[in-house]
Every structure is written in structure tokens, then in C-alpha cells.
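The values are calculated or read from the model by the stated rules, or taken from the named source; none is laboratory data. It should be emphasised that the depicted structure is a prediction, and the values quoted were computed from it without experimental measurement. No Cβ is skipped: glycine too gets one built from the backbone with ideal geometry, and neighbour counts run over all protein chains shown.
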DNA sequence: TTTAGTGCAAAGGCTTTGCAGATGT
DNA sequence: ACATCTGCAAAGCCTTTGCACTAAA
């Protein structure tokens with residue numbers, strides 16, 4: 001499991017950057033790692049409150065931002081929806097199939113698409129850094 | 001040119017739906033069609049004000065929404081940026097190369113990628129409706 | 001005439017920030 | 001001790017909405 005790896009990364013980063021190791025940070029990281037793949041700050045906040053009701057949403061936001069900087073989380077902004085946060089430790093890049101009916105997120109990956117994307121960028125003299133592919137439609141259950 | 005086509009579509013839609021043909025709507029459509037490809041509501045608003053300073057941003061939003069419903073415009077939401085609006089009349093689907101330095105949007109298209117996306121969706125029992133592919137990186141000038 | 005459209009300002013929805021007090025180091 | 005972190009509330013930012021007035025049809 002990559003929970004341990006993430007915690008190590010987090011701890012190391014805090015030390016290296018002279019940041020403080022607080023109870024809130026621990027709680028937020030734990031809840032984030034225990035949560036589903038594409039959680040919103042609000043849902044995470046609600047999970048966190050079950051454990052530590054005094055933690056504020058501002059702290060959750062501040063630390064989600066920190067997790068993104070460290071590379072433990074990644075923002076996923078889809079249309080009008082609230083920002084979602086993905087766990088990235090020990091995970092490789094993937095794209096998303098998003099069901100417009102039930103909201104289900106399915107992670108998919110295709111090496112050939114990745115390769116063609118790289119070629120497409122190169123053909124335009126473009127140096128790709130990251131990319132996002134989202135396919136909207138109806139999932140197996142909803143179609 | 002597809003300006004005429006868009007105006008026709010707009011006019012027809014207004015009549016068909018019993019909506020009113022107003023000076024503001026004309027102005028907004030004209031400015032939208034005259035504007036660049038990936039304009040924000042704010043930039044469009046500023047263009048519009050040069051012609052009709054009394055038009056409000058609310059009206060611009062209301063009518064951009066209408067243009068989207070008609071199929072003349074399409075929302076493009078990218079990361080933390082403001083919503084951008086693309087012209088869609090007479091244009092086919094395309095993806096975007098987005099320069100993280102200068103903000104340039106380049107439109108690209110690759111039939112093979114489209115095909116693989118369709119296959120990928122099908123392999124997951126998913127019925128694709130639309131999709132968006134954005135590749136972030138450095139453009140020719142900025143790299 | 002009558003009903004949708006407009007402009008304004010206020011409200012919403014989510015995220016960020018300022019600040020005083022709490023807490024790691 | 002002292003600088004960061006936190007919680008709260010306020011502010012920001014963009015978009016939407018309520019309302020009285022204007023203007024299409």
C-alpha cells in the first residue's frame with residue numbers, strides 16, 4: 001500500500017521545509033488517504049470532522065494545497081463541479097470516464113493514446129508537461 | 001464564413017422559442033463572433049462596452065449561456081482560469097495545447113487519438129458523448 | 001398591452017486571506 | 001521564545017438571481 005509511502009513523503013517534506021508537524025496535518029493526511037479516489041474538499045472536511053470536529057475548512061484547504069505541492073494529491077477540476085483531489089502517490093497517470101448521469105469516475109489508461117499525444121505536441125513544437133483527458137458520457141450502469 | 005450561419009441559427013432559435021430579438025443580443029453575438037477563439041466573459045464584456053457601454057455583465061452571462069444552449073458557443077473550463085467561450089459554428093471538435101507560460105491556446109486534432117478514445121470508452125462499457133483533451137506545457141516560443 | 005429582457009445591486013458558492021491566539025520546535 | 005499553524009470570520013472572485021423598469025411583439 002502507498003499509505004506508508006505518502007506519510008513518509010509528507011513527514012520528510014515538513015522537516016525539509018521547516019514546516020510543523022501538527023495534529024491537524026496528520027488527521028487531514030490520514031483522512032485523505034483513507035478516502036475515495038476523487039474526493040472534494042467538502043467531503044473530506046466532513047470525514048475529518050467525524051474525528052476532529054474543531055478543524056476548520058480553511059485548514060483543510062490550506063493542507064490540500066500543501067499535499068498538492070508535495071505531490072501526494074492532485075487537483076482535478078471538471079466543468080462546474082467542485083474541485084476534487086486525487087491521490088497520486090504510487091499511482092501513474094490516467095484519464096477519466098465521467099458519467100454525466102450518476103457522476104461516476106472511472107480511471108482508464110491507454111499507452112497508445114499517451115504516445116499519440118506526445119507526438120501531437122511535438123508536431124506543434126510544444127513541450128508537454130502534463131495533460132488531462134476526460135471523456136463524458138454514460139457508464140455501463142446508466143446507459 | 002460561419003458568421004452568417006451563426007446569425008441565422010441565432011435568429012431562428014429566437015423565433016422558434018418565442019424569445020425576443022434585442023439590440024443587446026445582436027451586439028453580444030456580433031462581438032462574440034468577432035472576438036478571438038477562447039474569450040472569457042470579462043474580455044467579451046470589455047469588447048461589448050466599447051460599442052454599448054450600458055450593457056451589463058449579467059446580460060453578457062445570460063446570453064453566453066443562451067449561445068451555449070443554441071450550440072453557437074461552448075464553455076471551456078481550464079484549471080483555475082476563468083471560463084472561456086469557444087465558437088463552435090462550422091467548427092469540428094479539437095483538443096488544446098495550452099502554454100503554461102504565455103497562456104497561448106493552440107487547437108489540435110488527431111483522428112487516431114479520437115478513435116482510440118472511442119475504443120477505450122467502449123472497452124469500459126461506456127457510451128461517450130463528448131470529451132476534452134488538454135495538454136499543458138511550453139509552446140514553441142516559450143520553450 | 002403584456003411578458004420577456006435588461007441593468008443594477010445583492011446574493012451565492014467556493015476558495016483564500018487577515019488576524020489574534022494556540023502550538024510545535 | 002518565537003515563528004508557524006489554526007480557527008474564525010471576512011473578503012475575493014466569478015457567476016447567478018431578484019426586482020423594478022424597459023422595450024419587443
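Restricting to the stretch B:9-26, and then to whatever is part of a helix (DSSP H, G or I), surrounded by 12 or more Cβ atoms within 10 Å (Cβ to Cβ) and over 17 Å from the mean Cα position of the chain (by Cα), can you tell me which residue is farthest from DNA strand C (Cβ to nearest atom)? Don't jump to the end; show me each part of the working.
First, pick out the residues of the stretch B:9-26 that are part of a helix (DSSP H, G or I): B:9-17, B:23-26.
Checking which are surrounded by 12 or more Cβ atoms within 10 Å (Cβ to Cβ) leaves us with B:9-11, B:13-14, B:24-26.
From what is left, the residues that are over 17 Å from the mean Cα position of the chain (by Cα) are B:11, B:13-14, B:24, B:26.
Working: B:11: 13, B:13: 10, B:14: 7, B:24: 3, B:26: 9 Å.
In this case the residue turns out to be B:11.
Examine the stretch A:89-100 for a residue that is crowded, with 17+ Cβ neighbours inside 10 Å and over 20 Å from residue B:77 (Cα atoms), and state whether such a residue exists. Steps first, answer last, please.
Here is the first cut: in the stretch A:89-100, the ones crowded, with 17+ Cβ neighbours inside 10 Å are A:89, A:95-99.
Within this subset, residues satisfying the condition of being over 20 Å from residue B:77 (Cα atoms) are A:89.
Yes, that holds for at least one residue.
Can you find a residue that is within 14 Å of chain A (Cβ to nearest Cβ), surrounded by fewer than 19 Cβ atoms within 10 Å (Cβ to Cβ) and away from DNA strand C (no atom under 15 Å from the Cβ) anywhere in the stretch B:51-74? Yes, the stretch B:51-74 has at least one match.
Kindly establish whether residue A:98 is at negative phi, in a loop (DSSP other than H, G, I, E, B) and touching a residue at least 24 places away in the same chain (Cβ under 8 Å).
Details: at negative phi: yes; in a loop (DSSP other than H, G, I, E, B): no; touching a residue at least 24 places away in the same chain (Cβ under 8 Å): yes.
Here the answer is no, as residue A:98 does not meet what is asked.
Going through A:89, A:60 one at a time, which residue ends up being out of contact with any strand residue (DSSP E or B) (no Cβ under 6 Å at 6 or more places or on another chain) and assigned to a loop (DSSP other than H, G, I, E, B)? Outline the logic, then answer.
Details: A:60 fails: assigned to a loop (DSSP other than H, G, I, E, B).
Result: A:89 is the single residue among A:89, A:60 that is out of contact with any strand residue (DSSP E or B) (no Cβ under 6 Å at 6 or more places or on another chain) and assigned to a loop (DSSP other than H, G, I, E, B).
Just one of (1) in contact with a strand residue (DSSP E or B) (Cβ under 6 Å, 6 or more places away or on another chain); (2) facing another protein chain (nearest Cβ under 10 Å); (3) more than 16 Å from DNA strand C (Cβ to nearest atom) fails for residue A:83. It is (3). Residue count for the stretch B:101-143, restricted to those that are in a loop (DSSP other than H, G, I, E, B) and more than 7 Å from every other protein chain (Cβ to nearest Cβ): 7. With respect to (1) at pLDDT below 95; (2) farther than 25 Å from residue A:75 by Cα; (3) within 10 Å of chain A (Cβ to nearest Cβ), the lone exception for residue B:78 is condition (2). The single condition among (1) in contact with a strand residue (DSSP E or B) (Cβ under 8 Å, 6 or more places away or on another chain); (2) within 15 Å of DNA strand D (Cβ to nearest atom) that residue A:69 does not satisfy is (1). Listed by first and then second residue, the pairs with beta-carbon distance under 6 Å, at least 6 apart or on different chains, first residue in the stretch B:19-44 and without any contact (Cβ under 8 Å) to a residue 12 or more places away in the chain, second within 15 Å of DNA strand D (Cβ to nearest atom), are B:21/B:14. Residue count for the stretch B:17-45 satisfying the condition of being out of contact with any strand residue (DSSP E or B) (no Cβ under 8 Å at 6 or more places or on another chain) and within 12 Å of DNA strand D (Cβ to nearest atom): 14.
Residue under question is residue A:47, and the condition is that it be in a strand (DSSP E or B), surrounded by 13 or more Cβ atoms within 10 Å (Cβ to Cβ) and either more than 7 Å from chain B (Cβ to nearest Cβ) or free of Cβ contacts under 8 Å to residues at least 24 places away in the same chain (or both); does it hold? Here the answer is no, as residue A:47 does not meet what is asked.
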